[in-house]
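Scroll down for the structure; my scribbles are underneath it.
The values are calculated or read from the model by the stated rules, or taken from the named source; none is laboratory data. Here the structure is a predicted model, which means the values were calculated and not measured. Ideal geometry is used to build each Cβ from the backbone, glycine not excepted, and the neighbour counts take in all protein chains shown. Surface accessibility is based on the protein's heavy atoms, side chains included, excluding ligands, DNA and RNA. Shrake-Rupley method; radii C 1.70, N 1.55, O 1.52, S 1.80 Å.
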Amino acid sequence: MTTTSPDAPSDLPAALFAKVFLPFAAGYYLSYLYRTVNAVISAELTRELGLRATDLGLLTSAYFFAFALFQLPLGILLDRYGPRRVNAGLLLVAAAGGAVFSLAETVAGLTFGRALIGLGVSGALMSSMKAFVLWFPMSRLASLNGWLMAVGGLGALTASAPVEAALGIAGWRGVFVALSLMTVAASVLVFSVVPERERAAAAEPLGQLARGLGRIYTSAVFWRLALVCMTVQAGFMAVQGLWVAPWLRDVAGFDQRQVADALSLLAIAMTVGFATWGTLSDWLARRGVEPIRVFKIAIGLSVASFCALALARPGGAMPLWALLNLFSTSAALSYSILSREYPKALAGRVNTAVNLLIFVAAFAAQFGIGAIMDFWPATAGRYPPEAYRAAFGVVAALQVVAFLVLLPARVAPTASQPV
């Protein structure tokens, strides 16, 4: 097959787009659906199992915990064995997790199933980004990453009103059986359609691969961006994946149908954000505006939105939720910015290095929000606005600190680095 060099400043060949982008996008679509589906089924789980906020936060955040634990090994595996084989195998683990979750009768069983899902989809985004570095021009990397995450936004959109409708037909257990079968199909698609490409890191000894991580974690630029991702992106993931639905129910007084409709609107805002920021960044870069400047402005707007939301009253809060979904997605620009800072052979490791921190922080935020809320007594399973205000306020304060650390950050303006 004739391919375009990943360094060539050309457009994207349609055949290559179909064989590389679309199969990986299918896996990422499912990973985001898994990530956000508990926001819709949380009321069902709470009623059936009598969960507290801490229980719900723990079992849902098990996805993030398992996801995070595998990030560093994942980076080494991606750079050594390539994204096709790694992602196809991991998606089968996610399918097994979906099956376990659908059959579970206890919190422990649900938590184990959720952890397996997190482990299984831990490579969906990073495998895609590694494949994009290998196959496409670096000048299009931010756009491709953004389009991929927009597909993830479609997964979040599916995990709103469509899942709510499916609950009335098959129940939450039937929903997870269907998700498990879809994940098997995505694994087969990635393995059978995506082409292989020679990997420069394949011949590197494991010790040298591990030393590449040391180079990443000792970089000041890496940490300035990583701290923002750990607070802004992880904080958004924590609330968008679970706590937005209880907030809409408990604080805004929405019923289940209104919650599902609101989640659909927020997923649309998120999808627009993902699709926009990467394309906008690449377009401005071709006109001399460095991606780091776009990143700082967008992150500042995201932090402002979250701070306003932490103080918001029920009336008129939906626009703030929409702005949060629109602006927080800009944190994904960090992946393409960091990919340009390191050799391509380190692409898998640098993205998983930051992803490890993001998902550890997301686990802590999603669980921690529930733990803080449990300081206030729940009435008929509902928490008072003060509980949400305190929990969200802690996350907002951390975001402000990280944003101030980001402001002095400078990165090299080069579009790519040598292998």
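The value of relative contact order for the chain, using C-alpha pairs under 8 Å at least six residues apart, is 27 percent.
Relative to the longest principal axis of the Cα atoms of the chain, helix 22-49 runs at roughly 20 degrees. Annotation: per residue accessible area for region 111-263 equals 33 Å², rounded to a whole number [probe 1.4 Å, protein chains only].
Tell me, what is the percent relative contact order of region 274-381, built from C-alpha pairs under 8 Å that lie six or more residues apart? Relative contact order here is 25 percent.
Only Lys, Arg, Asp and Glu count, each charged at its Cβ (+1, +1, -1, -1), so figure out the dipole size of the chain about its Cα centre, rounded to 20 debye.
So the dipole magnitude of the chain works out to roughly 800 debye.
Bridgeable lysines around Lys130 (alpha carbons under 23 Å apart, same-chain partners fewer than 8 residues away excluded): Lys19, Lys344. With all pairs of separate Cα atoms included, the chain yields a Kirkwood hydrodynamic radius of 21.2 Å.
A Gaussian network model of the chain, with springs between Cα atoms under 10 Å, assigns the largest mean-square fluctuation among Arg340, Arg197, Arg287 to Arg287.
Could you report region 275-325's accessible area per residue, 1.4 Å probe, as an integer in Å²?
On a per-residue basis, 45 Å².
Normalised radius of gyration (Cα atoms, divided by 2.2 N^0.38 Å) for region 65-116: 1.30.
In region 329-412, the ratio of gyration radius to Kirkwood radius, Rg to Rh, stands at 1.13 when only Cα atoms are counted.
With all protein chains present, how much of the accessible area of region 35-167 (probe radius 1.4 Å) comes from carbon and sulfur, to the nearest whole percent? Don't jump to the answer; show the numbers that get you there.
On the way: 2500 of 3540 Å².
Ligands and nucleic acids excluded, carbon and sulfur reach 71 percent.
Of the solvent-accessible surface of region 265-419, computed with a 1.4 Å probe over protein heavy atoms with every protein chain present, carbon and sulfur atoms account for 74 percent. Can you tell me the 0 to 90 degree angle between the C-alpha axis of helix 53-69 and the longest principal axis of the chain, rounded to 10? For helix 53-69, the angle is close to 10 degrees.
For region 250-349, the Cα gyration tensor yields ellipsoid semi-axes of 32, 14, 12 Å (square root of five times each eigenvalue, largest first, whole Å). Between the C-alpha center of region 141-188 and that of region 336-382 there is a gap of 20 Å.
So what's the convex hull volume per residue for the Cα atoms of region 94-136, in Å³?
Dividing the Cα hull volume of region 94-136 by its residues yields 47 Å³.
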